[in-house]
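Trainee: Here it is: the structure, laid out below.
The values are calculated or read from the model by the stated rules, or taken from the named source; none is laboratory data. What you see is a predicted model; the values in this text were computed from it and never measured. Cβ atoms come from the backbone with ideal geometry, glycine included; neighbour counts cover every protein chain shown. These area figures cover heavy atoms from the full protein model, side chains too; ligands, DNA and RNA do not enter into them. Shrake-Rupley method; radii C 1.70, N 1.55, O 1.52, S 1.80 Å.
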Amino acid sequence: MEPRLERILSGVREARGNVVVHPGAGISAESGIPTFRGAEGYWVVGSQNYMPQEMATLEMFEQAPEEVWRWYLYRFGIVRHASPNPGHRALVDLERALGERFTLVTQNIDGLHRRAGSQRVFCIHGDAAWVRCTAGCDVGLLDLPDLGIRGKDDPFTAADRARLSCPRCRGWLRPHVLWFDEFYDEEHYRMDSALRAASAADLLLVVGTSGATNLPMQIGRIAYQRCAAMVDVNPEENPFAELAGRSARGYFARGSASEWLPEIVKALGA
Ligand code: APR
């Protein structure tokens, strides 16, 4: 490991500092889940009839719930059949070693952290494993019914409609994900908890995100302004790499999550 990175990580280890890990889609790329803005990304390929990001809006769901569900069921089928990779597992080891000094603030809705065994996780963009009532019935978060693997062009059936209806009001159930025309909050997306964790971080370890969304960049800026150590793992330049480059205790680890995370986690004491 490069001496500069070794120094940063051993400093956090010896100071028994708080570590906040902030992954994006890149950590799950090696589990076969497309990213959003990469070559085959969801926001690049999208659906047959609609611009990609249109699909991920409450407005579109209200207009064409079947079309939106058809697209999400295709995506959720991929997620359901993916498995955690060495990057996810390394973070489980780190949590075991650090206990309460560890917090995972993920942008991913794929649930692979939870399935790998991570506990202290805030899912700031929601979780594909859950649905909730659009009418706000207090049925809370319900498990997404297993509607099997869907092809991109598979039809949405009456049986699907029945399974995606609220058990209380029979209205639509919606994916428990944050859409582009919606706001972060604490109730559904643990916004305050994520910002609190960032405000107490001695190290912010960012993995596989292009920094295209709001709360993640706030988390980065808080860590930067507090002069926390900052390490960014990504094969490509991105705003977090730039922040790390400007930080006194910052490092841009160019490469993949599974390549870097096991080594970084070991240097932090796991
Ligand atoms: N290891 C680490 N990083 C990787 C890997 C890998 N194996 N493969 C790709 N990456 C990096 C890419 O270089 C890119 O910077 O992962 C990043 C993925 O960026 P995006 O596709 O933009 O995904 P993300 O940053 O997670 O998107 C943020 O935007 O659209 C919303 O809700 C959506 O949660 C998502 C958010």
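Trainee: Pick from Ala253, Ala159, Ala223 the residue whose mean-square fluctuation is largest in a GNM of the chain, springs joining Cα atoms under 10 Å.
Mentor: Ranking Ala253, Ala159, Ala223 by mean-square fluctuation puts Ala159 first.
Trainee: A further question follows. Using the Karplus curve 6.51 cos²θ - 1.76 cosθ + 1.60 with θ = phi - 60°, what ³J(HN,Hα) values do you get for each residue of the stretch 58-64, in whole Hz, with x for Gly and Pro?
Mentor: Running phi through 6.51 cos²θ - 1.76 cosθ + 1.60 with θ = phi - 60° gives 5, 4, 5, 5, 5, 7, 9 Hz.
Trainee: Here is a follow-up. So, by mean Cβ neighbours within 10 angstrom, what's the order for 182-190, 243-251, 259-267 with the highest one leading?
Mentor: Packing proxy ranking, top to bottom: 259-267, 243-251, 182-190.
Trainee: Calculate one ³J(HN,Hα) per residue across the stretch 195-201 by plugging θ = phi - 60° into the Karplus curve 6.51 cos²θ - 1.76 cosθ + 1.60, and present them in order as whole Hz with x for glycine and proline.
Mentor: Residue by residue, the stretch 195-201 yields 5, 5, 4, 4, 6, 10, 7 Hz.
Trainee: Less than 12 Å Cβ to Cβ from Gly117, Lys/Arg counted +1 and Asp/Glu -1: what total charge do the surrounding residues give?
Mentor: On the way: positive: Arg89, Arg96, Arg114, Arg115, Arg120; negative: Asp93, Glu95.
Counting the neighbours of Gly117, the net charge comes to +3.
Trainee: About its Cα centre, how strong a charge dipole does the stretch 188-254 have in debye, to the nearest 20, once Lys and Arg get +1 and Asp and Glu get -1 at the Cβ?
Mentor: 200
Trainee: How much length is gained if the chain between Asp153 and Ala248 is pulled fully straight, taking 0.36 nm per residue apart and subtracting their Cα-Cα distance, in nm to one decimal?
Mentor: Here the segment from Asp153 to Ala248 would lengthen by 29.2 nm.
Trainee: Using a 10 Å cut-off on Cβ atoms, rank the peptides 173-181, 16-24 from the highest mean neighbour count down.
Mentor: Per-residue Cβ counts within 10 Å, averaged per peptide and sorted highest first, yield 16-24, 173-181.
Trainee: Local charge sum around Ala128 (other residues, Cβ-Cβ under 14 Å, Lys/Arg +1, Asp/Glu -1)?
Mentor: On the way: positive: Arg75, Arg80, Arg114, Arg115, Arg132, Arg150, Arg174; negative: Asp110, Asp127, Asp143, Asp146.
Net charge in that neighbourhood comes out at +3.
Trainee: Here's another thing I want to ask about it. Whole Å is fine, so just give me how far the alpha carbon centre of the stretch 75-140 lies from that of the stretch 199-270.
Mentor: Computed from Cα coordinates, the inter-centre distance equals 19 Å.
Trainee: Hey, what's the stretch 141-237 come to in accessible area per residue, 1.4 Å probe, Å²?
Mentor: Roughly 47 Å² per residue, with all protein chains present.
Trainee: Shifting gears a bit: With r defined as the distance between the Cβ atoms of Cys137 and Ser83 and R0 fixed at 35 Å, what FRET efficiency is calculated, to the nearest 0.05?
Mentor: E between Cys137 and Ser83, to the nearest 0.05, is 0.55.
Trainee: Near the amide H of Arg249, under 5 Å away, which other amide H atoms are found, from residues 5 or more places off or on another chain, if H is placed in the peptide plane?
Mentor: Met230
Trainee: How much accessible area per residue does the stretch 19-104 have, in Å², with a 1.4 Å probe? Please list the in-between numbers first.
Mentor: Working: 3550 Å² over 86 residues.
Value for the stretch 19-104: 41 Å² per residue.
Trainee: Enter the Cα centre distance for the pair the stretch 145-182 and the stretch 9-23, rounded to the nearest angstrom.
Mentor: 40
Trainee: For the stretch 197-270, give the percent of accessible area contributed by carbon and sulfur heavy atoms, probe 1.4 Å, rounded to a whole number.
Mentor: Carbon plus sulfur share of accessible area: 51 percent.
Trainee: Right, something else. Hey, what did the chain get for relative contact order, percent, Cα under 8 Å, at least 6 apart?
Mentor: Over the chain, the number comes to 24 percent.
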